[in-house]
Amino acid sequence: MSSGSHNVYLIISKKKGFYKTYVGYAKNIKNRLNQHNSNKGAKSTKGRYWKLIYKKNFKDKSRALKYEYFLKKNRKLRNDIKLKFIRNYG
């Protein structure tokens, strides 16, 4: 069993009035967000400024990766989180 925290996160970026979200997995979200914002993250996140809007912590990697897959595929849940963020902070 591995130690430490396993996190699934949702980040958002606004460019030309359009919001884009990205779901990922990381042991250290702060470092991962810095990678996204310095063009060292996933290809689809390059050239944008990202903000963390949702995170969920898991005790083991397997559960975290299953939830990451679930969140990536569940457009309605992603959209609900995105809309809540835009209403409150947009």
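Observations
- Relative contact order computed over the chain (Cα-Cα under 8 Å; 6+ residues apart), in percent: 34
- Rg(Cα)/(2.2 N^0.38 Å) for region 40-81, N = residue count: 1.33
- Cut-off 11 Å between beta-carbons: net charge of the residues surrounding residue 39, Lys and Arg +1, Asp and Glu -1: +4
- Cα-Cα over 20 Å, subset of 15/43; 20/55; 40/66: 40/66
- Summing Lys and Arg as +1 and Asp and Glu as -1 over all other residues whose Cβ lies under 9 Å from the Cβ of residue 71 gives a net charge of +3.
- Shape of region 6-89, Cα gyration tensor, a/c cut at 1.5: oblate
Throughout, read-outs are computed from the coordinates displayed, never taken from laboratory work. The structure presented is a predicted model; accordingly, all values stated were derived computationally and were not measured. Because the Cβ atoms are built from the backbone with ideal geometry, glycine has one as well, and the counts that use them run over all protein chains shown.
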